[in-house]
Amino acid sequence: EAGVVQSPRYKIIEKKQPVAFWCNPISGHNTLYWYRQNLGQGPELLIRYENEEAVDDSQLPKDRFSAERLKGVDSTLKIQPAELGDSAVYLCASSLDLTGTGGEKAQYFGPGTRLLVL
Amino acid sequence: GEDVEQSLFLSVREGDSSVINCTYTDSSSTYLYWYKQEPGAGLQLLTYIFSNMDMKQDQRLTVLLNKKDKHLSLRIADTQTGDSAIYFCAESPHAGNNRKLIWGLGTSLAVNP
C-alpha cells in the first residue's frame, strides 16, 4: 500500500512569490493534516480536514496561507506571497478516524516539502 | 496547558540499549506515540500505546508508560547506527473529537560505532 505522497520534495523561491504544495493521503484515510516543521522543532499543525471539511484551521495564517481538499482526497496548500520566515518543511499526514472519541489516532506522514524562500 | 517534554540529545554506543524519555501534562491522554525522523525525511510512526497499558513490546522496541508520573519511555535494544535519528513523543488528549496531537521537541539519538 502506498504511503502519503507529497510533491514537490524541494522548492526554492524568491520572497513575494506564490508557492503550492500537493498531498495525496493514504487510500481510505478520511482525515488529512498539514504541518509546518522548523529546524529543531516538532511539527506545528496548520490545518486539519475531515473529508472535505476544514475542522481546525486555527493555526493557519489566513492572510497568506490557503488550503483546499475539494473531493475529500488530495489536498493543496498555498502560500501567497511567501515571506522569508516561511522557509520550513511542510508535512502532510493522514489518518483513519473512526466516529466517536475512541480509537487510536495514529497519523502517517509523507516525506515533506522543503521550502526555501530567498 | 498541554505540554510534552523530552531531553534534546542522547548518545549511545552501537549494541547498547537506548532509553528515550518523555513527560506529558494531560492526564486525560488516551494514546501516546513515538515517531522517528531521519535526516531529510518525514516522520515515521514507530509505535503507540493506549493509556490503559503500562508496557508494549515490538521487536527491539519497548514502550513503558507510568500514568501516575505522566512519564513515557522508549527503549531500543541493541541500538544500531541506523537508529540514529530524532525521536518525537506525542500525546493525544482526550478532548471530545479533538484529533490534535501535542508534540515534544524531539530527542536526537546519536549511535557511535
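The values are calculated or read from the model by the stated rules, or taken from the named source; none is laboratory data. The structure presented is a predicted model; accordingly, all values stated were derived computationally and were not measured. Because the Cβ atoms are built from the backbone with ideal geometry, glycine has one as well, and the counts that use them run over all protein chains shown. Calculation scope for accessible area: heavy atoms of the full protein, side chains included, ligands and nucleic acids excluded. Shrake-Rupley method; radii C 1.70, N 1.55, O 1.52, S 1.80 Å.
Tabulated data for the structure shown
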read-out	value
Exposure rule at most 14 other beta-carbon atoms within 10 Å, DSSP loop GluC sites (Glu not before Pro): chain A longest free segment	A:15-51
P(r) weight above 17 Å for chain B, C-alpha pairs, percent	51
13 Å beta-carbon shell around residue A:90, net charge (K/R +1, D/E -1)	+3
Exposure rank, largest accessible area first [A:27, B:27; 1.4 Å]	A:27, B:27
All lysines inside 28 Å of residue B:68 as judged from Cα atoms, apart from same-chain residues fewer than 8 positions distant	A:105, B:36, B:56, B:100
Environment charge of residue A:75, counting only residues whose C-beta is closer than 9 Å and scoring Lys/Arg +1, Asp/Glu -1	-1
Span from the region A:30-89 Cα centroid across to the region B:1-74 one, whole angstrom	26
For residues of B:27-34, the mean tally of beta carbons on other chains within 10 Å	2
Calculated FRET value between residue A:10 and residue B:59, using beta carbons and R₀ = 35 Å, to 0.05	0.60
Average partner coverage of A:107-118, which counts Cβ from other chains inside 10 Å	3
Relative contact order (%) - region A:1-72, alpha-carbon pairs under 8 angstrom, separation at least six	21
Within chain B, longest stretch free of exposed trypsin sites (Lys or Arg not before Pro) [DSSP loop, at most 15 other beta carbons within 10 Å]	B:1-59
The protein assembly as shown - Debye-derived log10 I(q)/I(0), Cα point model, q = 0.15, 0.16 Å⁻¹	-1.03, -1.15
Translational D in µm²/s for chain A (Stokes-Einstein at 25 °C, 0.890 mPa s, Kirkwood Rh from C-alpha pairs)	171
Separation in nanometres of the label points that stand 7 Å from Cα toward Cβ, at residue B:44 and residue B:14	1.8
Peptide-level mean, for A:39-47, of C-beta atoms on other protein chains within 10 Å	4
